[in-house]
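Written below as structure tokens is the structure these notes are about.
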Amino acid sequence: MAEDLIRYDILAQEALRGVMRKVLSEVSKTGLPGNHHFFITFLTRAPGVRISSRLRERYPDQMTIVIQFQYWDLKVTDAGFEVGLSFADVPEKLEIPFSAVRGFYDPSVNFELEFDVRAESEDAADLVSEPVAEIKPVPTPAKKPASAKKAEKVEIATKDDEAGEKAAEKGGAQVVSLDSFRKK
């Protein structure tokens with residue numbers, strides 16, 4: 001087979017990132033239409049990712065965020081996006097370059113994009129192929145950020161998160177695996 005000197009694989013990845021950029025840009029201007037919402041998975045150690053040390057400690061390699069009910073200050077640039085989210089009642093600002101995004105999924109229409117992302121270390125590259133996060137609903141706090149959207153919050157929990165497992169056992173929260181959304 002001939003060598004691909006044009007690098008169609010890279011061109012296709014960049015075109016698909018353009019789809020994600022366009023969607024997030026529209027949402028930043030007009031809000032989420034209908035039932036649309038997004039699961040965005042990114043590498044926390046990728047160049048340009050800016051998250052708090054607390055989140056980086058909890059999610060050292062990969063993290064999935066949900067843009068649905070409660071988010072604020074979504075800003076999109078050519079290179080990436082920033083968004084305000086709440087984790088365990090603590091508001092956080094995340095800055096994520098599009099080059100760090102590994103997956104973009106809109107479950108309302110079963111639309112999914114997966115990207116090849118290079119990890120900074122060999123260890124992180126090994127973890128990229130494994131699902132490392134689950135989504136866990138968290139009750140809405142009494143105090144919300146001023147510009148927050150309505151309703152519910154979502155916290156990301158690793159599979160070994162004891163609190164998530166205990167809450168699921170008690171029936172207080174439903175833990176949903178990201179694998180249930182993946183095409184087989």
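Data overview
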{"read-out": "Every residue from segment 95-110 that is assigned to a loop (DSSP other than H, G, I, E, B) and not hydrophobic (A, V, I, L, M, F, W, C)", "value": "Pro107, Ser108, Asn110"}
{"read-out": "So Phe38, is it modelled with pLDDT under 90, surrounded by 15 or more Cβ atoms within 10 Å (Cβ to Cβ) and touching a helix residue (DSSP H, G or I) at 6+ places or on another chain (Cβ under 9 Å)", "value": "no"}
{"read-out": "Elements of type strands (runs of 3 or more DSSP E) contained in segment 10-94, each with 2 or more residues being within 19 Å of Asn110 (Cα to Cα)", "value": "38-43, 62-67"}
{"read-out": "Top-ranked residue of segment 83-105 - restricted to ones that are surrounded by fewer than 18 Cβ atoms within 10 Å (Cβ to Cβ) and of a type in the set (D, E, K, R), ranked as farthest from the chain's Cα centre (by Cα)", "value": "Asp89"}
{"read-out": "Failed item, numbered, when Arg58 is tested on (1) of a type outside the set (A, V, I, L, M, F, W, C); (2) within 21 Å of Ser99 (Cβ to Cβ); (3) touching a residue at least 24 places away in the same chain (Cβ under 8 Å)", "value": "(2)"}
{"read-out": "Flag if Ser52 is among the hydroxyl-bearing types (Ser, Thr, Tyr), out of contact with any Asp or Glu (no Cβ under 6 Å at 6 or more places or on another chain) and surrounded by fewer than 21 Cβ atoms within 10 Å (Cβ to Cβ)", "value": "no"}
{"read-out": "Matching residues in segment 1-31 - criterion: being farther than 20 Å from Glu92 by Cα and of a type in the set (A, V, I, L, M, F, W, C)", "value": "Met1, Ala2, Leu5, Ile6, Ile10, Leu11, Ala12, Ala15, Leu16, Val19, Met20, Val23"}
{"read-out": "Subset of segment 1-30 (residues that are of a type in the set (Gly, Ala, Ser), closer than 13 Å to Asp78 by Cβ and surrounded by 15 or more Cβ atoms within 10 Å (Cβ to Cβ))", "value": "Ser25"}
{"read-out": "Residue list for segment 69-82, restricted to those being crowded, with 21+ Cβ neighbours inside 10 Å and over 24 Å from Ala12 (Cα atoms)", "value": "Gln70, Tyr71"}
{"read-out": "Cβ pairs under 8 Å, 6+ apart, first in segment 1-28 and within 18 Å of Leu113 (Cβ to Cβ), second assigned to a helix (DSSP H, G or I) and among the small types (Gly, Ala, Ser)", "value": "Arg17/Ser99"}
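The values are calculated or read from the model by the stated rules, or taken from the named source; none is laboratory data. Predicted, not measured: the structure shown is a model, and the values here were computed from it. When we count neighbours, we look across all protein chains shown, and the Cβ atoms used for this are built from the backbone with ideal geometry, even at glycine.
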